[in-house]
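Below is one structure; the comments refer to it alone.
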Amino acid sequence: MSKRVPIRRIDLVLGIALLVLSEAVAVLTQEVNSLPPWAWVALGIGPVALVFRRAYPRTVVGIAIVCMLMLAHLQLGALPVLPALVAIATAMYTGYRAWTISMVFGVSFVAAFGFWQSAGFQLTGDVVRNSLLVVGWLHVAMISGESRRQRDAYIAEAEHTKEEAVKRKAADERVRIARELHDSLTHSISVIRVQAGVALHLARKRGEAPASALVAVEEAAKDATRELRETLTMLRDDEGPRLAGLKSLVERYRGSAMEIDIDCGEDEPIDVDPEVDHAAYRIVQEALTNAVRHCDGDRVEVRLSQAEGVLDITVADNGGPGEFTPGRGITGMRERVDSLGGTLTVGRGAYGFTVHAQFPDPAASELTAAAAEPKGDAL
């Protein structure tokens, strides 16, 4: 994959190229002493201003047009016009349509009047030809910038439509899978749960101590039914559970012997992209499940915070040190984090097991990138 050239470097190269071209052509076609010093300066200012055309499009248009009008009567050909053409196309592309159109019509009138005045207010062929050339090229630049803007907008809309179609297809597939799971797996687990419950009831009715394995089967079936219902809800819902429901999740675990302390940054509510929101919920859920099942301690701390577009999650218990083997739960957490460009660190230290995840918020990243990168990068 080829590396993209920074747009500022492109603008710098363009400005230098036009600067060198303008000065070189002026030296080759004019007597050096025939041009006043301000003309050489104006020849350089227009191309140099193009370096800033994306950050300050209207200002650059104004500078380029002023330089063009100053040099128009010096018989330098198309050189003074080139920076103005590039600046006008850029301004149109970046969305300053009304302002740029007004400038082009105004400059067209001023240029035509200037040619007429220089000919002693005689409507000669040179006046008409020069006026049409300047006006025509200014309008060509304006139309090309607008055409490129509309083309890129069309491409962006087509990509968005394609992405929405893919999302709809994925949603339909999730609903189909959820329906199949509900019709098959949910029914089977329910049958196991009912049969285990009946067996326990009969054993107690006869005054017999129920087998521990039978009790474990019933409890496992209850847990599996609950988890399967959550999975089906997630499959039918594009968004799935969110961090807003984190306290309800924690309450379900408080029935265990584990004390759970949660801090969700209530002073500054967490606001992230829906995908990050859902993934963060699942990370906390899996970490709490592992702590309740495997931790030999009695306390779990859940900490969530958000700063500079990064969501930070820490779930730590106070179990003892020891080795651990990553299972499917940790593998699933890592896959979720990696898919969203985040980082995951898990491990058992001297004071327990810690799960630490960080998610960059896509919305915040896009805003940062948009602020750092000038508009109109396609021109």
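The values are calculated or read from the model by the stated rules, or taken from the named source; none is laboratory data. Quantities reported herein were computed from a predicted structural model and do not represent experimental measurements. Note that each Cβ is placed from the backbone with ideal geometry, even for glycine, and that neighbours are counted across all protein chains shown.
Values computed for the structure shown
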quantity	calculated
All positions within segment 284-339 that are more than 17 Å from residue 272 (Cβ to Cβ), of a type in the set (Lys, Arg) and within 36 Å of the chain's Cα centre (by Cα)	328, 334
Tabulated pairs, segment 194-207, first over 16 Å from residue 219 (Cα atoms), second hydrophobic (A, V, I, L, M, F, W, C) and not in a loop (DSSP other than H, G, I, E, B), C-beta under 8 angstrom, 6+ apart or interchain	203/214
Pairs where the first residue, in segment 275-297, is among the basic types (Lys, Arg) and the second is modelled with pLDDT of 85 or more, C-beta under 7 Å, 6+ apart	282/336
First in segment 321-335 and on the phi < 0 side of the Ramachandran plot and at pLDDT 70 or above, second anywhere and among the acidic types (Asp, Glu) and not in a loop (DSSP other than H, G, I, E, B), Cβ under 7 Å, 6 or more apart	329/286; 332/286; 333/286
Residues that are surrounded by 17 or more Cβ atoms within 10 Å (Cβ to Cβ) and part of a loop (DSSP other than H, G, I, E, B), drawn from segment 51-106	53, 54, 76, 79, 80, 94, 96
Residues located in segment 131-174, provided they are farther than 27 Å from residue 110 by Cα and of a type in the set (A, V, I, L, M)	153, 155, 156, 158, 165, 166, 170, 171
Filter result for the condition that a residue is under 29 Å from residue 61 (Cα atoms) and either among the basic types (Lys, Arg) or surrounded by 16 or more Cβ atoms within 10 Å (Cβ to Cβ) (or both), over 226, 168, 151, 174	151
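Residue-wise test of (1) in contact with a Leu (Cβ under 9 Å, 6 or more places away or on another chain); (2) modelled with pLDDT of 75 or more; (3) assigned by TED's automatic domain parsing to the domain that holds residue 53.
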| site | (1), (2), (3) |
| --- | --- |
| 306 | no, yes, no |
| 309 | yes, yes, no |
| 312 | yes, yes, no |
| 338 | yes, yes, no |
| 356 | yes, yes, no |
| 367 | no, no, no |
| 372 | no, no, no |
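Yes or no, residue by residue, for (1) in the same structural domain as residue 93 (by TED's automatic domain parsing); (2) touching a helix residue (DSSP H, G or I) at 6+ places or on another chain (Cβ under 6 Å); (3) not in a loop (DSSP other than H, G, I, E, B):
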residue: 122; (1), (2), (3): yes, no, no
residue: 145; (1), (2), (3): yes, yes, yes
residue: 174; (1), (2), (3): no, yes, yes
residue: 185; (1), (2), (3): no, no, yes
residue: 201; (1), (2), (3): no, no, yes
